[in-house]
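A.B. asks: Would you mind keeping the following structure in view while I ask a few things?
The values are calculated or read from the model by the stated rules, or taken from the named source; none is laboratory data. This is a predicted model, so every value here is computed, not measured. All Cβ positions, glycine included, derive from the backbone under ideal geometry; neighbour counts span all protein chains shown.
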Amino acid sequence: MKTSPSVAILLMLLATLLAPRSSVAQQINGVPGSGKIVFTYTGENSGIPVGNAPSLLDKDYTITAEITVPKGGAEGMIVTLGGRFGGYGLFLQKGKPVFVYNLLDLKRYRWEGGVGGVIGEDLFARALKPGKHTLVFDFKYDGPGPGKGGTGVFTADGKELAKQTIPHTIPLMMTCDETFDIGIDTRTGVDDSYKLPFRFTGTIDKLTFKLGPEQMTEADQKAAAEAVAKAKD
């Protein structure tokens, strides 16, 4: 039996408020004059609390993964937050780039090259060859307001693999009992197409999250603050 979205969101919000925070090896910078925040990571990191992870909620964002594929190819999770009941994942599956957005276990949206996804320039979804590659997932949010949809474009080395518009996104909190993982997936997977821990077999040279400003109206912000206050009581 599935939990309703509203109940799931409230439970996730409460659990995150009560969760301990810890430090991680990362670089966080603001982009002067743009209202944007940039998170930069290298190598494998797992078990990072949600409160310390880049938040993709209610905003534009761009995820850029600079990776090296060894001889013989690579697969595995590059970065993920969340799991079975909500979140996202960027990974290589049989060497092919994939981005999955899990909308609270109600629907999973998948970006990939070839006929398995929305057909882009990579018609036959070829596996990445050995060497250095840059994967980019760019999402434009249809705000203002919480839980709006948006359009995601997934590219590999500058070539479009897939473009898709989704009607809704997760509005308040992606997860309460999962973590932010780089190079591996712990706890539960955001998609049923792979098996844990799905460790990345290539090298993550640099992972960058560029976040736009939160697109919430004053009324939305007030409602969210009231919900937080009630959860703390």
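A.B. asks: What are the residues in the range 202-233 that are part of a loop (DSSP other than H, G, I, E, B), modelled with pLDDT under 85 and closer than 25 Å to G143 by Cβ, if any?
C.D. replies: Listed by number, the list holds a single entry, T217.
A.B. asks: Within the range 142-156, count every residue that is in a loop (DSSP other than H, G, I, E, B), touching a residue at least 12 places away in the same chain (Cβ under 8 Å) and out of contact with any His (no Cβ under 8 Å at 6 or more places or on another chain).
C.D. replies: The total comes to 4.
A.B. asks: Next question, about the same structure. Among the residues of the range 90-100, which ones are surrounded by 24 or more Cβ atoms within 10 Å (Cβ to Cβ) and over 19 Å from I48 (Cα atoms)?
C.D. replies: Hits for the range 90-100 are L92, P97, V98, F99.
A.B. asks: Could you look through the range 157-201, keep only residues that are basic (K, R) and part of a loop (DSSP other than H, G, I, E, B), and pick out the one that is surrounded by the fewest Cβ atoms within 10 Å (Cβ to Cβ)?
C.D. replies: Among residues in the range 157-201 that are basic (K, R) and part of a loop (DSSP other than H, G, I, E, B), the one surrounded by the fewest Cβ atoms within 10 Å (Cβ to Cβ) is K195.
A.B. asks: With the requirement that a residue be of a type in the set (K, R) and in contact with a Gly (Cβ under 9 Å, 6 or more places away or on another chain), what does the range 134-192 give you?
C.D. replies: Residues satisfying the conditions are K140, K159, K163, R187.
A.B. asks: Any idea which of (1) surrounded by fewer than 20 Cβ atoms within 10 Å (Cβ to Cβ); (2) over 14 Å from the mean Cα position of the chain (by Cα); (3) not in a strand (DSSP E or B) is the one V38 doesn't satisfy?
C.D. replies: That leaves (3) as the condition not met.
A.B. asks: So D177 ticks every box in (1) at negative phi; (2) at pLDDT 95 or above but one. Which box is left unticked?
C.D. replies: Failed condition: (2).
A.B. asks: Does Y109 meet the test of being at pLDDT 95 or above, among the hydroxyl-bearing types (S, T, Y), more than 22 Å from I204 (Cβ to Cβ) and in a strand (DSSP E or B)?
C.D. replies: yes
A.B. asks: Return the residues of the range 68-89 that are surrounded by fewer than 22 Cβ atoms within 10 Å (Cβ to Cβ) and part of a strand (DSSP E or B); say none if nothing qualifies.
C.D. replies: T68, V69, G76
A.B. asks: Let me ask you something else. How many of the residues in the range 43-76 are of a type in the set (A, V, I, L, M, F, W, C) and either in contact with a helix residue (DSSP H, G or I) (Cβ under 8 Å, 6 or more places away or on another chain) or within 22 Å of G95 (Cβ to Cβ) (or both)?
C.D. replies: 6
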